[in-house]
Amino acid sequence: MSDSHGDATATARAIQLLESRGAEKLIHCGDICSESVLDEFAGHDVTFVWGNCDSPSRALRKYVSSLDLAWPEALVQIDAAGKKIAVFHGHEPAFSPAIESGRFDYIFYGHTHKYADDMIEKTRVMNPGALYRAAVKTVALVDTASDSVIFLRVDSGEEVSVSTPRDRRGRRGSS
């Protein structure tokens, strides 16, 4: 999920939807924008990054710690089912070095408020969409073991039609 922009209600719905569909690990790609959104993360296995609209401070660090959440480091990396994942807020070129490194199977990012699923080199690059200021609020459910992704509408839980990732040249590719 990404781009909550302080909307704790949409964030709670997104978490409930993802967990009802079997999500074990939650990732937020930034622009959290309020303590109330962080409150929704409490008690869940969540990794997050800060976005350009976030203002991380010493007081916020203390608050995050009080919720037993991990403070995001400069480069957020996750290992899941043998896959390496990097999490960013901004779009390219912010994560171009991560792609060029060849170290990551997946890169998740936010910021654009538009869901996307692309292959760049050997890396699957995905934006789950946004929980705020988007015509359709979406999240992505990723199964790293099978390399499958489903985009879901937060309001209805319905799947959004995205069949296979596009490669860098715009062709549809297999994953």
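The values are calculated or read from the model by the stated rules, or taken from the named source; none is laboratory data. Computed from a predicted model, the values in this text were never measured in an experiment. Ideal geometry is used to build each Cβ from the backbone, glycine not excepted, and the neighbour counts take in all protein chains shown.
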Item to check | Residue satisfying all of: in region 96-110; in contact (Cβ under 8 Å) with a residue 40 or more places away in the chain and part of a loop (DSSP other than H, G, I, E, B); surrounded by the fewest Cβ atoms within 10 Å (Cβ to Cβ) among these | outcome: Tyr109
Item to check | Of all residues in region 111-126 being closer than 20 Å to Met1 by Cα and of a type in the set (Asp, Glu), the one that is surrounded by the most Cβ atoms within 10 Å (Cβ to Cβ) | outcome: Asp117
Item to check | Enumeration of residues in region 9-36 that are in contact with a helix residue (DSSP H, G or I) (Cβ under 8 Å, 6 or more places away or on another chain) and either among the polar types (S, T, N, Q) or under 19 Å from Leu152 (Cβ atoms) (or both) | outcome: Thr11, Ala12, Ile15, Leu26, His28, Ser34, Ser36
Checklist entry - Quick one: would you say Gly90 is surrounded by 15 or more Cβ atoms within 10 Å (Cβ to Cβ), closer than 29 Å to Thr9 by Cα, at pLDDT below 95 and not acidic (Asp, Glu)? => result yes
Checklist entry - Going by the structure shown, is Gly30 modelled with pLDDT of 95 or more, surrounded by 14 or more Cβ atoms within 10 Å (Cβ to Cβ) and on the phi > 0 side of the Ramachandran plot? => result yes
Item to check | In region 44-55, residue surrounded by the fewest Cβ atoms within 10 Å (Cβ to Cβ) [restricted to those that are in a loop (DSSP other than H, G, I, E, B) and touching a residue at least 12 places away in the same chain (Cβ under 8 Å)] | outcome: Asn52
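Listed here are the residues, each with its yes/no results for (1) closer than 23 Å to Glu19 by Cα; (2) touching a residue at least 24 places away in the same chain (Cβ under 8 Å); (3) part of a loop (DSSP other than H, G, I, E, B).
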residue	(1), (2), (3)
Val64	yes, yes, no
Glu73	no, no, yes
His91	no, yes, yes
Ala94	no, no, yes
Asp118	no, yes, no
Ala130	yes, yes, yes
